[in-house]
Structure formats: structure tokens, C-alpha cells
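Student: Quick one: the structure is below, and I'll ask about it shortly.
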Amino acid sequence: MTPLRLTGWLGLLASFLVGLAEFWLHFSPEGGLEDLTAYLYFNDISETRLSWGHFLAVLAAPLYLFGYWFLSRHLEPAHKLASKVFFCIGAYAFIIATAWIGQRYFIGTTVHAISDGANISPLLLKFSEHNEPFVNVLRAALPVLSIIWIWLILTGKTSFPKWMAIFSPAVLLTTIFALYFAGTMIGLYLFPIAMNAAHFILFALALWTTRKA
């Protein structure tokens, strides 16, 4: 276990723990996560789940930076500057995403209060307007990260085999979204943790393909 491989395992751990936390925060058997106005799916999520998911997500999310450092170091032989850009974009995006997920508890409890009769819908709207833009930073970063990922791996000079190019973050995330909107059962369970599920696959494959590097 070298220090570099340890960073890869920490990235894998981040994707698992934040995925578990986000499942507690967001999963509803009725779906509906695409609702970004009323957030009615939060009515299916208990206060206990919201609380546990909140603390676990915020505490585990910074570990993603280690995972992106691991990926960038294995991309480095192909292009040193591009690999550093890859790390910086990934690190910045996940720092912003931590701010996003850290506010989900407050949105969820506000939805509960509205369901109980509190007249605070305008407050929920303000929360939403100041929360949702953060996750869009991460979503916007993924295509850029994926372009760099595919370009560097296809050069054949990284530590990864060329077939790893297809497992870019954007491709994995799009696949999970497609499974959800196609109405599949696996899509229903993966959609609430789509970003983390995509990165769990990415980090796991990265660790496996570089085990002898």
C-alpha cells in the first residue's frame, strides 16, 4: 500500500460513504428527485435519515479530493499540465458540491414544516435558489473532466488501459440518468446517488487497473 494507492482507496471510500449519506437524504420509493421546486420527495424521508445523511455526507465528501489526486497522478505521464488541471477542476467542483449537500438537511426539514401546515413556502424558494446552483458547478465540471480524461487516456501514455476512456465521469453519470428516466428499478435506486455511484465505479476500476503500476 503506497501513499498514492491510499489516496485512491480514500476516493473510493468517499464515493461509498457520500453515496450512503445521499441515499439517506434523498431516496424515496416514489422517485421525484427531479422536482426542484416543492421537493415533495422529502416528505418520504424521516428526520432521522436527514440528520444522519447530513453529517455523514459533509464529513466524508472532502475525501473526494484524495481520489481526484490519485486519478490525476496516473494521468500525469500523458500531459503534466492537463493532469493538474484535471485535479484542480475536480477538487474545486467537489468542494462546491460539499456546500450543496450540506444544505439538503435544511431544505428537507423546511419541506416537513410546510407539510405540517407552516406557511413558509417563500423560505423554501429562497433556500432552493441559494442551494441548487452549487450542484450545477459539479455538473458543469464533469464534461470538462471527461474530455481531459478521454483525451489523456487515448494517448496511451497514462497508467490506465485505453478502454478506461469509456468510463469517464460524464458517461457513467449519463448512463445512470438514462436508467432512471427509462423507469428501471436499478435506476430508481441509483439516481439519488448517481454522482457517487458513477465515481465508485470510476475509482474501483482505476484502482484495479493500476494495481501493478
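Student: In the set Thr48, Thr109, which member is of a type in the set (Val, Ile, Thr), in contact (Cβ under 8 Å) with a residue 40 or more places away in the chain and surrounded by fewer than 20 Cβ atoms within 10 Å (Cβ to Cβ)?
Tutor: On the way: Thr48 fails: in contact (Cβ under 8 Å) with a residue 40 or more places away in the chain.
Answer to the selection: Thr109.
Student: Which of the residues spanning segment 165-195 are farther than 22 Å from Phe94 by Cα and buried (at least 18 other Cβ atoms within 10 Å of the Cβ)?
Tutor: Leu179, Tyr180, Gly187
Student: Check Phe66 against each of (1) over 16 Å from Trp149 (Cα atoms); (2) outside any helix (DSSP H, G or I) and name the one condition it does not meet.
Tutor: The single condition Phe66 does not satisfy is (2).
Student: For segment 15-31, how many residues meet the condition of being surrounded by 14 or more Cβ atoms within 10 Å (Cβ to Cβ) and within 19 Å of Gly183 (Cβ to Cβ)?
Tutor: Of all residues in segment 15-31, those surrounded by 14 or more Cβ atoms within 10 Å (Cβ to Cβ) come to 15-28, 31.
Retained after the next criterion (residues that are within 19 Å of Gly183 (Cβ to Cβ)): 26-28, 31.
The number of residues fulfilling the criteria is 4.
Student: Additional query: Within segment 60-83, track down each residue that is closer than 21 Å to Ala204 by Cα and open to solvent by 30 Å² or more (accessible area, probe 1.4 Å).
Tutor: Selection gives Pro62, Leu63, Leu65, Phe66, Trp69, Arg73, Glu76, Pro77.
Rundown of residues vs (1) part of a helix (DSSP H, G or I); (2) over 22 Å from Val111 (Cα atoms), yes/no style:
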position	(1), (2)
Gly8	yes, yes
Leu17	yes, yes
Leu20	yes, no
Leu25	yes, no
Ser28	no, no
Gly31	no, no
Thr37	no, no
Tyr41	yes, no
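Student: If you take just the helices (runs of 4 or more DSSP H) that sit entirely in segment 121-213, which of them hold at least 3 residues that are in contact with a Gly (Cβ under 7 Å, 6 or more places away or on another chain) and under 21 Å from Phe70 (Cα atoms)? Can you show your working first?
Tutor: Working: elements: 121-129, 132-154, 169-181, 185-190, 194-209.
The helices (runs of 4 or more DSSP H) meeting that bar are 194-209.
Student: Here is a further query. Please state which of the following conditions Tyr39 fails to meet, knowing it meets all the rest: (1) open to solvent by less than 50 Å² (accessible area, probe 1.4 Å); (2) on the phi < 0 side of the Ramachandran plot.
Tutor: Checking Tyr39 against (1) open to solvent by less than 50 Å² (accessible area, probe 1.4 Å); (2) on the phi < 0 side of the Ramachandran plot, the one that fails is (2).
Student: Taking segment 1-54, which residues are more than 16 Å from the chain's Cα centre (by Cα) and hydroxyl-bearing (Ser, Thr, Tyr)?
Tutor: Once the filter is applied, which keeps residues that are more than 16 Å from the chain's Cα centre (by Cα) and hydroxyl-bearing (Ser, Thr, Tyr), segment 1-54 yields Thr2, Thr7, Ser28, Thr37, Tyr39, Tyr41, Ser46, Thr48, Ser51.
Student: Can we say Asn131 is open to solvent by 50 Å² or more (accessible area, probe 1.4 Å) and not hydroxyl-bearing (Ser, Thr, Tyr)? Before the answer, list the steps.
Tutor: Numbers: open to solvent by 50 Å² or more (accessible area, probe 1.4 Å): no; not hydroxyl-bearing (Ser, Thr, Tyr): yes.
No: the conditions fail for Asn131.
The values are calculated or read from the model by the stated rules, or taken from the named source; none is laboratory data. Quantities reported herein were computed from a predicted structural model and do not represent experimental measurements. FYI the Cβ positions are ideal-geometry reconstructions off the backbone, even for glycines, and counts take in every protein chain you see. Each accessible area value is taken on the protein alone, full model and side chains, heavy atoms only, with ligands, DNA and RNA left out. Shrake-Rupley method; radii C 1.70, N 1.55, O 1.52, S 1.80 Å.
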